[in-house]
Every structure is written in C-alpha cells, then in structure tokens.
Protein chains: 2
Amino acid sequence: MASRMMLFEMARVQHTLSSIGAVLGWDQETYLSPSGGAHRAEQLTWISARVHEMGVSDEWRSALEQAEASDKGEDFKTTANLRELRRAYDRATRLPVELVARASKAASLGQQAWAKARQTSDFNHFAPHLRELLDIAREKADRWGYQDEPYDALLEHYERATNTAAVAALFEAIKPELCRVSAAAVERSATGRPVLPPGPYPEAAQQQFNARIAASLGFDFTSGRIDTTTHPFCINLGPGDVRMTTRYDEADFTSSFFCVLHEAGHGLYEQGLPVEDFGLPAGTSVSLGIHESQSRLWENHVGRSAAFWEHWYPEACACFPQLEDFPLEDFLAFIHHAEFSPIRVEADEATYDLHILLRFDLERRMLRGELAVEDVPAAWNELFRELFGFLPPDDRRGCLQDIHWSKGGFGYFPTYSLGNLNAAQLYQAATQDTDVAAGCAKANFGPLLRWMRRHIHAHGATLDPAELMQRATGSPQNADAYLAHLSSRYL
Amino acid sequence: MASRMMLFEMARVQHTLSSIGAVLGWDQETYLSPSGGAHRAEQLTWISARVHEMGVSDEWRSALEQAEASDKGEDFKTTANLRELRRAYDRATRLPVELVARASKAASLGQQAWAKARQTSDFNHFAPHLRELLDIAREKADRWGYQDEPYDALLEHYERATNTAAVAALFEAIKPELCRVSAAAVERSATGRPVLPPGPYPEAAQQQFNARIAASLGFDFTSGRIDTTTHPFCINLGPGDVRMTTRYDEADFTSSFFCVLHEAGHGLYEQGLPVEDFGLPAGTSVSLGIHESQSRLWENHVGRSAAFWEHWYPEACACFPQLEDFPLEDFLAFIHHAEFSPIRVEADEATYDLHILLRFDLERRMLRGELAVEDVPAAWNELFRELFGFLPPDDRRGCLQDIHWSKGGFGYFPTYSLGNLNAAQLYQAATQDTDVAAGCAKANFGPLLRWMRRHIHAHGATLDPAELMQRATGSPQNADAYLAHLSSRYL
C-alpha cells in the first residue's frame, strides 16, 4: 500500500515532468524564434533525461515490485495501473543506454537527411540512414521481444497487445473491397467536382467558425486552445490544458476546418480522460489506433455527414458570404470528392487506407529483411501502381513523402487505418443507442460525446485496445462497419 | 581548474533549468488556458525546487570552495564569476527551507488577498498579510545580514552593492528639483493637451508599426518576439530567445508603442549579453537599476525625442492615416504631456519619480518598525498630498495600487528611479561621443546601441552597478543628467 502510493506518486511526478517537455515542444512548434532552437534542444534533452532516469531508477523498480507483490487484484483499476506501469518499465529497461543514444542520434541525423533527400527527390541520400534506422529498430525489437516477427514488437509500441498477423489479416480482408470502393468513388467523382466559390476565406473568419464548431462539439476552450503550425497536431500539456493546432488556406476554408475537427477529436479524448488519474495509466490514452478513432469519428462520421451540414451550412454562409450561392448539395459533393493522389496526407476518406496498406507491406518486409533498402523506391512504385493504377511522379511524392521512417517510427502507419476501422465500428455501435442516433440526425452530438466519454475516454489505458473495442461495441475489432460506411458514403 | 569547470557547468545546467521555468512562466502569462493554472503551478514548483536544490547542494558548495581556493585572480572574468556565484550561494543558503516555504506561501496568499482588497478598496483585508510579509522580510534581512538597516539587505536583492543611505541621499538630493520641475510641467501642460485624433488605431497596424521600430532599433526578431498580455514584460528564455509583451489600446497607439520601446530596451540588453557566458554571472544582467536604465533610455531619451519623430512620424502617418492632419509639434506636445495622477503606472516622465519617493519612504519606515501596517493608508495619503497636492480618491488608487508588497517585494521600487537616473547619465555620456550624437540627431540609433553594448551589455554582471556606471560615464552615479534632461524636456 505504501509502496503503491509511492510508485503512483513517482508516476505522477514523472508525468508532470513529461508535461513540461510537452510545453517546450508545443512552444517549439508554435512560437519559438528561429535562433532559439539550439537552447530549446538543451532544455528538452535535460527534461527527457530526467523522465527516463526516474522511470528506470532503483526506487521505481523496488516500489513497483513491492506494489505488485502486495496487489491482491481486488481493485481492477489498481491492477491495471500496475500492469501497465510494469509494461512501460520493462520496455524502458530492456534497451541499454547506448542503444537509446544511438537511436536518438540516428533519428536526428535521419530527419535532417530525409528533409534534404525529399527536397531533391534523392533517395540515395537517405538510404544509409534508413539502413541504420532499420538496424536499430531490429535490435530494439530483439530486446523488447516478440512472438512471430520483429514488427510485432514495434507495432506494440504504438498499439499495445496487437500483433502483425492480426493487423495483416484485417488489412487483407478489406483490401479487395477498399480497392473496389475507392475505384468506384474516384470514377464517380471524375465526372466533375463542384468548384468551391473562390476565396479569400479570411483566416480570422475561419478561426471564428472553427472555434465555434469545436466548442459546440464539446471541446472545452477554458481548458484548451487552437494555434497555427505548419503541421497540425494536438497535445495534452496536463490537466486543463489540451492544445491543438491547424493551418489556414484562404482559398479553401474546409482545409483548416476538417483539420480542426480531426484534432478536436484527439482533444476531446484527452479532455475526457479521468483527471483524478493524471500520471497513471488509468488517466492516459490507450493507443494510437484508439486515439485516431476519435479524431476520425469527429472529422469524418460527424463532420462530413449531411445532418451536420444541414444544421451548420447557414452559419458557414454567414461567415463566408461567397457560399451563399453555392447549394448545400454541391458543398457536400465537394467534401465527398474522391481522387487518387500520390500523397497520403492529401488523400480523401475513400483512398486513404490504400496508402497505409502500401506502407505496412513495405515496412514489414524491410523488418523481416525481405526488402533491401536500395530496393525500396522500386517496391514502393510497383505496389503503388498496383493499388492506384499509376506511378508516383518521383520519390519525393513517393517513398520519401513521410517523415515517420526518418525518425525510426516503424509500426506507426497501420494505426491510422486501425483508427478508421475503430471509428466506424464505434460510430455504428453508438448510433444503436436511440438517443445518440436521434441526436446525430439533428446535429446534436452531445449524446455521441457522452457515449464516447463513457465507453472509451473514461477507461484511460486500463483495457487493451481490442478489449476496449469489444466491450464498447459488443464485437471484436472488424472492418464491417467501416466498409459499410465507405460504401454508403461513396457508392 | 577541474572544480571550476564543474562549477561553471553546474551553473549552466541550473540556468537551463531556470530557463525552462521562464518558458512555463511566459506561457502562463500569454497563452495558458484558465483551467491549466493549477497544473502549471505544479510544473513551476517542481522546476524551482530543482533549481534551488542544485544551487545549495554539497557538490555545488565543494566545487565553489575548491574553485575559489585555486583562483589566483589572473582572469578578471573568472574571478568575477566566482565572486558572484559565492554571493548567490550565500544568499540562497542563509535562508532556512522553512523560511523559504513560509515566504512562498505568504506571497501566494498575499497576492490573492491584495487582489481582493484592491477590488473592494478594503485595506483591512490585506493588512494581516502585509504584516506577515513584513515579518518575513525582516527575518530574511536578519539572515542575509546588513550594515545599517534591514532595508539594505532587501535592496541588495535587486540592486547589489548598494545601500539604503546612498539611495536616500540621491532621492533627497533630487526631491526639491523634481517637485519644482513636475509642478511646472504639469502647470504648463494644463493649458491644454492636444487631442490625439480619434481611433481606431487597429491592433494589427500597431503591431506592424511597433515591430518595425523595434527592429530598426536593433531588436533581433530572429531571436525574439512580441506577444500580448495584460501586464507588459520582457523575459529571456535562453540564448536566441528573448520575448517581450505589450497590450493594445485602439484609441491611442502610443500606449502600446512606448510600452514596446520600454520592453525592447530590456530586450536589447538581454540580447546583448555575451552568449558564450550563458548561465554564468558574466552572461547575466547585473541589476534592476541597470536593466531599467536600458528600458528608460529607449523609451524616453530615444522614443520621446524630437529627432526620433521627425524621422518616424511620416511612417506613423502612413500606418495611421488619421494622424495626417495632426501636426508633428502637436504630437510631440501630446507625448510630452505631464499630469499629476494617483496611479504610478500611468504616470508620465515628469511625475513618475514622485511615486517612487513615496513608496521608498514608506517601505523604509515599515521595515524599521517606525510605521505600523494599520497606519499605512494614512501615511500614504499624507505623503501623497505633500508631493502631489491632492489626496488619492481611495486606497484602491492609493496604497493598494501596486502588486509588489503583496509578493513581499520590498526594496524593488527604488530601482525604477535608479533606472531613470542611470538612463540619463548614460545617454549624456554616450552622446559625448560624436558618432553617437550625430546618429541620435538623425534618428540613427545604431551608434547608441553599440555604445551600450560595449559599455553596459558586454560586462554582464562582472561589475557592481556603481562601478559599471563610473566606468561607462566617468562619473559616480548622480542625478545631474537626469534633472537636466527633465528641465530641458519640460521647462
């Protein structure tokens, strides 16, 4: 009991430290002056060293061991907290300091090399870094341990208690239908996308509109804010402080708008975590696949629904007068447009997952040693042509487009598609509740948010993603709802 | 040598930690959401505990002692660094932990009580807190040690190597002339202040204008920025990262403008400190009285000069078209207006120091035990009437107007007037250089900045304020230049 309280207190302090790092990181992306970068790196290095130190300290280990020994399993939450703290401790301590340092250096050099390689579309410049990053990833996987293949251990880092084979099975199962729906959607869209009335959609008006909608969905602006960055994100800086960012295109207000809905989905999850469990697994989000389910839910299931715009389109017209002569049905066709693009981050709902299938396949083969680094561009292009029917114009818009590999983030990509699948399955389950369904039909999403609060947010990380989904929806994770959603939206 | 390097490295790390606290503090004032305050306090508490811990640790003490023992005084900067690190160590270790905790709690409660007392103009609500804060200040002074009176030890905290008697002598010497100049200036102004053409002066245009001028004076925006806060300030977050803030009044652009010039003066000082000495006294500002000399120099000697506006007024007119029919001479009369106001922060150059004389006198008597807390409002009003010729309308606009005492900041106020005196003395000395004088006459302030860089900024905290002033100007600190400046501006 004493050791458990000590452990939990250490975990809270460690999380407070991490949250200081989060403030420094947020500021780095939003307001830091160019010349402040070097000192910011010093500050961040100091903080992350302390966070790591605490989590692998003898005090921590001994408190954890004693707390485990004295836990009788009477309290579900306590047991879950201990289990997850043990998982994190094992993962942290299984990597020797030298490997952590090597990984950190390789990620830093890798990102720089990748940025340059992408600029000049020169894969060879990045290739040696990718090799080193893969070596490190394989060594990490070996040290963390895995059942079937190294990729399991990497995936586990983002999506706990999942394995490669299960993800592969899901992806294989949806592939034919995805290809069919996306091709049909793209073909239908090709007959002509309505042209959004020309801008400018002034940034200030976009900010006002976005904030008004985010607030109406339940994002609490007394506990958060929206700022502007090149790459949008959402970050939790501690209780009462969840911040999201977006970027603005004055020619097309829907770009920042859907971005804010997406990030607000992440933000609503973070704001819905039990604040009394701050710093403990019970107060923390469980996985990227669940996190992404929340962002995709609000972005796509809510924000692209006809009911949503039937309610909000008049307000959009008031904010952006040029919309007044653009009928709602044209606007809906505009936001449901589908098109094959070489770039993942520009992809629409109908084609997005094809980008993930491609990356998952290549990552897995690279980790298994079945795909050599020098063959990555050719393999990328071949698979891209198979899925999309044409070749990327160059590596910059092909295998060099994403930052993830340059930081060693192998195993991250599949969580985007898991998020899509989870979002659809959760939305389907939630709308079986008549209040939720009635609300959604009238653009009143309060009942939907309460459903997510109760079935997802309130659990923190006490349940594995698969079990969380099973309990919330009554079914194992599956792609039925998602495929049905895509069909109904696009066909 | 080894111990010195270790000590200096510890000092740099400690300063990096402090700079993390500075980021947290800056964010708290600028962007933190209301609900994030409690967690922010946790983060700040953790950081300041570590900063304190490091500075009083056995490793620190032993490295300091060894470095001192092995210092042969061959290198001026090293010796100065060691002397100032010793001064800081002694001040930090002379206060027992319980006293620090008591002070921190009293400051927190004191600020809350003061805010409420000011709102309702109810001194009695604040009185018990002021008593406790004075008790603590006296105990601190006793532990720090002083020569003549407790106030010495408190003043030393903000203005090192200065004593109360010296400040009192300066203030006594200027009082009659200050009273004469301010009365005459107010009388002359009373014949009618030109009315600034009505607003709005749009915030965006003010931001643009302010930033353009600050940059032209030498503030480096690749190493800094301007944000918006209720109470303007300037803060150094580490090398390459100096941030200032202001607030906007759309009816009067000069409000934010002079505020930015003032904070830019602080910022230019911070940006001019030797970056290679970051974390050491040689890379740190020396005192509040010197810091304030820099802000007042750019705000008043530069920014309110005729030469400045002869150059910049056309640009102001371009930014704010309503100025076009407002002649430059009227504008100068507008910004040189003098008026007796009960509020210090609204006071003009001609009357500002009277507010400081008043506070210094009361603080000193309180600390000596000659003025009981319950008698503060009456004493304030009496002295105010003597200096200003009328009574403050109430305590809210009298003895309750400033935050300083509520945080235990006794000894801070006189540094504002020391700043005014220093600014005038430095400006006079600098303009004896023909390049500087010729530059200032043509609104080219580059030579003036370079003079300050060389004579003030470059020294960090290696010289005591009095010696710094003596070396820079060739004379001891005195009020001649300041009184001459006020006379020439106002009479």
Query raised in the report: Among B:E292, B:E299, B:E315, which is touching a residue at least 24 places away in the same chain (Cβ under 8 Å), of a type in the set (D, E) and in contact with a His (Cβ under 7 Å, 6 or more places away or on another chain)?
Result: B:E299
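Restrict the check to region A:30-44 and report whether at least one residue is of a type outside the set (A, V, I, L, M, F, W, C), assigned to a helix (DSSP H, G or I) and more than 9 Å from chain B (Cβ to nearest Cβ).
The answer is no, given that none of the residues of region A:30-44 is of a type outside the set (A, V, I, L, M, F, W, C), assigned to a helix (DSSP H, G or I) and more than 9 Å from chain B (Cβ to nearest Cβ).
Here's the yes/no breakdown for (1) touching a helix residue (DSSP H, G or I) at 6+ places or on another chain (Cβ under 9 Å); (2) surrounded by fewer than 17 Cβ atoms within 10 Å (Cβ to Cβ); (3) within 25 Å of A:L483 (Cα to Cα); (4) of a type in the set (K, R):
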{"residue": "A:G289", "(1), (2), (3), (4)": "yes, no, yes, no"}
{"residue": "A:E292", "(1), (2), (3), (4)": "yes, no, yes, no"}
{"residue": "A:S295", "(1), (2), (3), (4)": "yes, no, yes, no"}
{"residue": "A:N300", "(1), (2), (3), (4)": "yes, no, yes, no"}
{"residue": "A:S305", "(1), (2), (3), (4)": "yes, no, yes, no"}
{"residue": "A:W309", "(1), (2), (3), (4)": "yes, no, yes, no"}
{"residue": "A:C317", "(1), (2), (3), (4)": "yes, yes, no, no"}
{"residue": "A:E339", "(1), (2), (3), (4)": "yes, yes, yes, no"}
{"residue": "A:R344", "(1), (2), (3), (4)": "yes, no, yes, yes"}
Query - Elements of type helices (runs of 4 or more DSSP H) contained in region B:386-486, each with 2 or more residues being under 21 Å from the mean Cα position of the chain (by Cα) - result: B:414-430, B:446-455, B:465-473
Query raised in the report: Quick check: is even one residue across region A:59-78 under 22 Å from B:L17 (Cβ atoms) and either within 10 Å of chain B (Cβ to nearest Cβ) or part of a helix (DSSP H, G or I) (or both)?
Result: yes
Query raised in the report: Do we find that B:R94 is modelled with pLDDT of 95 or more, within 25 Å of B:Y146 (Cβ to Cβ) and either away from chain A (no Cβ under 14 Å) or exposed (fewer than 13 other Cβ atoms within 10 Å of the Cβ) (or both) in this structure?
Result: yes
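Name the residue, out of B:F258, B:F278, that is surrounded by 15 or more Cβ atoms within 10 Å (Cβ to Cβ), aromatic (F, W, Y), out of contact with any Asp or Glu (no Cβ under 6 Å at 6 or more places or on another chain) and touching a residue at least 12 places away in the same chain (Cβ under 8 Å).
On inspection, the qualifying residue turns out to be B:F278.
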Query raised in the report: Which of the residues spanning region A:212-239 are of a type outside the set (S, T, N, Q) and either free of Cβ contacts under 8 Å to residues at least 24 places away in the same chain or away from chain B (no Cβ under 13 Å) (or both)?
Result: A:R212, A:I213, A:A214, A:A215, A:L217, A:G218, A:F221, A:R225, A:H231, A:P232, A:F233, A:C234
Requested in this report: Under 9 Å between Cβ atoms, at least 6 apart or on separate chains: pull out the pairs that start in region B:29-54 with a residue that is closer than 15 Å to A:W46 by Cβ and end on any residue that is among the charged types (D, E, K, R) and in a helix (DSSP H, G or I).
Outcome: B:R50/A:R50
Report task. Sort through A:A161, A:A117, A:A169, A:A141 and tell me the only one that's aliphatic (A, V, I, L, M), outside the structural domain of A:E98 (by TED's automatic domain parsing) and in a helix (DSSP H, G or I). Result -> A:A169
Report summary line: With criteria (1) at pLDDT 95 or above; (2) over 19 Å from B:G411 (Cα atoms); (3) surrounded by fewer than 19 Cβ atoms within 10 Å (Cβ to Cβ), B:R143 comes up short on (2)
Query raised in the report: Quick one: is A:W405 surrounded by 18 or more Cβ atoms within 10 Å (Cβ to Cβ), hydrophobic (A, V, I, L, M, F, W, C) and free of Cβ contacts under 8 Å to residues at least 40 places away in the same chain?
Result: no
Requested in this report: For region B:2-18, name all the residues that are more than 10 Å from every other protein chain (Cβ to nearest Cβ) and either hydroxyl-bearing (S, T, Y) or at positive phi (or both).
Outcome: B:S3, B:S18
Query raised in the report: If you go through region A:30-53, how many residues are within 23 Å of the chain's Cα centre (by Cα) and small (G, A, S)?
Result: 1
Report summary line: Of B:T462, B:T434, the only residue that is closer than 24 Å to B:R83 by Cα and assigned by TED's automatic domain parsing to the domain that holds B:V302 is B:T462
Query - Selection from region B:19-29 of residues that are more than 19 Å from the chain's Cα centre (by Cα) and either more than 7 Å from every other protein chain (Cβ to nearest Cβ) or more than 26 Å from B:D277 (Cβ to Cβ) (or both) - result: B:G21, B:D27, B:Q28
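The values are calculated or read from the model by the stated rules, or taken from the named source; none is laboratory data. No experiment lies behind these values; they were computed from the predicted model shown. Note: ideal-geometry Cβ built from the backbone for every residue, glycine included; neighbour counts use all protein chains shown.
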